[in-house]
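Report on the structure given below.
The values are calculated or read from the model by the stated rules, or taken from the named source; none is laboratory data. Quick caveat, the model's predicted, so the values are computed rather than measured. Here the Cβ is made from the backbone with ideal geometry for all residues, glycine too, and neighbour counts use every protein chain on show.
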Amino acid sequence: MPEGDTIFRTAVSLNRWLSGREVTAAVSTVPGVDLGVLVGRRVEGVEARAKHLLVRFGGGTTLHTHMRMTGSWHLYPTGERWRKPVHQARVVVECGQRTAVCFNAPVVELLDDAGVRAEPSLRRLGPDLLAAAPIDPGGLALRAAARAELSPSVAELLVDQQFVSGIGNIYRCEALFVCRLDPHSPTRTLPPGLLAGLVATASRLMAANARSSAIARDFGGGRERPWVGRRAGRPCRRCGGLVVGERHGRDARVLYWCPRCQRRPGPPSPGGDHG
Ligand SMILES: [Zn+2]
């Protein structure tokens, strides 16, 4: 599935190539979504908010797409062959020499400014980790408490978009490893300081990768070397024990973690469990 940093990079790239340009053709295969009104208008900007991608056009119209698990945006020189089958395209926006194609997004809609402000899925989002604004630790603790019933473990909490938005599966696993925290730790037992540190770690890892243009990811374990992500059954890079991969939580995504390195929060042990 697309991670927040992937969508962020996509938005940066679409922004660079489309902003300020006039729409020369626009079609959608989604019933009831008529993009013909966009032809002749200029693209004003492209913005990522968690897994939502918003393309703003002149005249106060915004194209809202949500990627969920399956959607993606591609940018092509106009006329070039697409890397996905044509029948998977939901939206095609052509601006002269460049064509942006959105494949498989489950949500595609046109909104006016009031509609963007009122859209429930955008209003409910927790603070975006890749946005410029700093995240308030007190607010995090309050939101964690409010979400503890629906996201009872810290692993579920980190991908709960109403807690913070933008963290995907691999970043949650890496941040939990870096902070040496057992993914099953109950949300209710997390001290506010630990929660703030965890979110700051995820944010730092994602920001580092959002700036990089390469596909290679650096999680601090070395280039293209996640600590635990997608490494089930292989030795932990830190302790040599086996990395576990297991289905977890409401969405049953695979959680990767090291049971030797990652512990539940508790009173500090005399030997310093977190060294
Ligand atoms: Zn380990």
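Criterion first (part of a strand (DSSP E or B) and modelled with pLDDT under 90) does Glu47 satisfy it?
Details: part of a strand (DSSP E or B): yes; modelled with pLDDT under 90: yes.
So Glu47 fits the description; yes.
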Segment 233-253 - residue that is assigned to a loop (DSSP other than H, G, I, E, B) and away from the ligand (no atom under 13 Å from the Cβ) and, of those, farthest from the chain's Cα centre (by Cα)
Gly233
